[in-house]
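A short worksheet on the structure shown next.
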Amino acid sequence: MTIPAQRMTYIDVIKGIAMLLVVMHHCGGSLDKGMEVLTMVDVPLFFMCSGYLAYKEKINYRKELRKKTLGILIPFILAVIIASLIRGVCIIEIFTDITKSGYWFLQVLYMMFLLWWGISIFHNKFVVCNLLGGVELALLLAAKFMPETFDNIFCFSSLARYFPCFIVGIFLRKYRLESLNNKIIGLILLISSVIGFTGWPLYLNSNISFLLCTIAYSISAVLIFLFIRKIEFQIPDQLRQSLMTIGRYSLNVYIIHFYFVPTAPAFLPHSFVFDLVYSIIMAFVVTGISILIGKFLTFSTPLNKVLQ
């Protein structure tokens, strides 16, 4: 039986933490090396949570396609159009840029759902596992050998880097591993994650670096997911409710926050502790503003169809 969505408050908590990490990164929280590593797990967490929610024992493909088109693809297109108008950049330039004016995440997420639905029509576990491996290999090859223009448009490199996080989320739910409580396995995952994050700089701009980073993203996302799942109700209630709110409105925050991210003053000291405190404060401020503006837009404009 599929776990009822209303019972999974920890998903909103995790998405809230991931969204704060995204804003912390954009607020300059990655200036310190320690903060850079900390904020690197923001996007992997989002993709893993998306994969976790993507798994259903029975999928109505037409309904899911309509839902994700309205909830991901259309917001992505609108966000790019608005960014083009506000920033005075040709919309073609944005669509052909790998960052998509910051909104690459939405395009990649939508494509991940399409890939998963195409694979999930097969019910044989052996076939599904081989297809997942084949898709990841194809994405890696496309990221490596496709012309840069194609990579910029279709984000093959981002798909190759983060699709494993999405698939790990699916496996967590499919095989009910979210309640895993094995210290030895946890220690192995932690060591593997540390090796991945500390090893990839040694092979910078190489295939090994890319693979190590991809592995580290997936493993670290699993560790954080399992940890928050376990201690969710030990988080102070007010903080937990705040994280749940941010997680619930994470799409709004992601789309809107780019326009309110302050640039970290150059004269401020840069250390792990200072960057951590500064970026956390700014992240809560920016997410709060983004949520309020998102709510205003949903009540006063037709955007209520695409914003939460």
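To the nearest 0.05, how large is the calculated FRET efficiency for VAL285 and LEU114 if R₀ is 35 Å and r is the Cβ-Cβ distance? Using R0 = 35 Å, I get an efficiency of 0.45.
You can think of it this way: the chain between HIS123 and LEU78 has 12.6 nm of extra reach, that is 0.36 nm per residue less the Cα-Cα gap.
Within a Cβ distance under 13 Å of VAL22, other residues only, what is the Lys/Arg minus Asp/Glu net charge? After counting each charged neighbour, the total is 0. Can you give the FRET efficiency for LYS295 and GLU36, using 1/(1 + (r/R0)^6), R0 = 41 Å, r = Cβ-Cβ distance, to the nearest 0.05? Rounded to the nearest 0.05, the efficiency is 0.80.
The distance between label points at PHE145 and PHE272 comes to 4.2 nm (points 7 Å beyond Cα on the Cα→Cβ vector).
Cross-link list LYS15/LYS63; LYS100/LYS230; LYS144/LYS230: which exceed 32 angstrom alpha carbon to alpha carbon? Flagged as over cut-off: LYS100/LYS230; LYS144/LYS230. Please report the spacing between the Cα centers of region 33-53 and region 55-74 in Å, no decimals. Computed from Cα coordinates, the inter-centre distance equals 23 Å. Ranking ILE208, ILE59, ILE74 by solvent-accessible area of protein heavy atoms (1.4 Å probe, all protein chains present), from largest to smallest, gives ILE208, ILE74, ILE59.
The values are calculated or read from the model by the stated rules, or taken from the named source; none is laboratory data. Worth saying up front: this structure is predicted, and the values here are computed from it rather than measured. Backbone-built Cβ (ideal geometry, glycine too); neighbour counts: all protein chains shown. Heads up: the accessible areas ignore ligands, DNA and RNA and are worked out on the full protein's heavy atoms, side chains in. Shrake-Rupley method; radii C 1.70, N 1.55, O 1.52, S 1.80 Å.
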